[in-house]
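Here is the structure we will look at.
What follows draws every value from the coordinates through simple rules; no lab data is involved. As the structure is a computational prediction, the values presented were derived from the model and not from experiment. Reconstructed Cβ throughout: ideal geometry from the backbone, glycine too, with neighbour counts over all protein chains shown.
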Amino acid sequence: MPRIRVEPIGVEIEAPVGETVMDAVCAAGYFWPVGCAKTGECTNCAMEVVSGLGRLSQMGRYERQNLLRQRGTRSVEDPRLRLACQARVEGDVVVYKRGVIPD
Ligand code: FES
């Protein structure tokens, strides 16, 4: 199973292939900052992908549109910025997200 490491909290969990980063981390007992119903609208869940960018599902049009709308052009110029509620794991990744805490 793919492994997700979340910094700076330093937790590492396993996730089934195809699960979103957020759902996997929450299922392991952690809170991930959100501002919508995990639909890709608010972008509050945005994370930086430290490694394994190619082991996440590709960014869809809806994710891209909402990043553009909420965070501006520069947000989509950097492919490391992804929405944790939309990005699905396909292999090992390391991500950085402040505010992830034990639930
Ligand atoms: S939780 Fe709102 S965009 Fe991911």
Q) Quick check: is even one residue across region 72-85 surrounded by 17 or more Cβ atoms within 10 Å (Cβ to Cβ), in contact (Cβ under 8 Å) with a residue 60 or more places away in the chain and not charged (D, E, K, R)? A) yes
Q: Specify the residue that is nearest to GLU90 (Cα to Cα); the eligible residues are those in region 31-69 that are more than 12 Å from the ligand (Cβ to nearest atom) and among the hydroxyl-bearing types (Ser, Thr, Tyr).
A: SER57
